[in-house]
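Read the structure below first, then the notes.
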Amino acid sequence: MRFLVDAQLPPALARWIEGQGFVAEHVFDSLGVNAADRTIWDYAARIDAFIISKDEDFFTLRTVNEIGPGLIWIRVGNTRKQVLLDWFGRLFPEILENLRAGETLIEIGP
């Protein structure tokens, strides 16, 4: 399973996911700071990665396209990096379970 972490989220989230034994990269590292949403979407589809984002535009893309990358849509406000990582870490086993069950859109919030 592979993950692509979007720009609104810290690169530390990609590193944390890698620490769990998965392939993960941050948009800044692979596509640069100014990558457009459609570029990110197409790249994730090409490398077979799930996008992790806070951006509602990806939710729209996921709901109107039958094909394309899966999305983990994070619906939490701005928070400190460690708080975000701890919160995501608690939810990660359930996220993985849903992805393995074939879900292509997972919305998580507080």
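The values are calculated or read from the model by the stated rules, or taken from the named source; none is laboratory data. Model, not experiment: these values are computed from the prediction. Methodologically, a virtual Cβ is constructed for each residue, glycine included, from the backbone with ideal geometry; neighbour enumeration extends over all protein chains shown.
Here are the numbers:
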| quantity | calculated |
| --- | --- |
| Residue match in segment 52-67 (condition: in a strand (DSSP E or B) and either free of Cβ contacts under 8 Å to residues at least 12 places away in the same chain or of a type in the set (Gly, Ala, Ser) (or both)) | yes |
| Contacts under 8 angstrom Cβ, first residue in segment 13-31 being modelled with pLDDT under 95, partner assigned to a helix (DSSP H, G or I) and exposed (fewer than 14 other Cβ atoms within 10 Å of the Cβ), 6 or more apart | 31/39 |
| Residue in segment 12-33 that is out of contact with any strand residue (DSSP E or B) (no Cβ under 6 Å at 6 or more places or on another chain), part of a helix (DSSP H, G or I) and of a type in the set (Asp, Glu) present | yes |
| Residue match in segment 82-102 (condition: under 22 Å from residue 37 (Cα atoms) and part of a loop (DSSP other than H, G, I, E, B)) | no |
| Pick from segment 34-51, criterion at pLDDT 95 or above and outside any helix (DSSP H, G or I), ranking: surrounded by the fewest Cβ atoms within 10 Å (Cβ to Cβ) | 48 |
| Top-ranked residue of segment 73-110 - restricted to ones that are touching a residue at least 40 places away in the same chain (Cβ under 8 Å) and of a type in the set (Val, Ile, Thr), ranked as surrounded by the most Cβ atoms within 10 Å (Cβ to Cβ) | 74 |
| Test result for residue 6, under 19 Å from residue 99 (Cα atoms) and buried (at least 18 other Cβ atoms within 10 Å of the Cβ) | yes |
| Test set (1) touching a Gly at 6+ places or on another chain (Cβ under 8 Å); (2) outside any helix (DSSP H, G or I); (3) at pLDDT below 95 - residue 79 fails condition number | (1) |
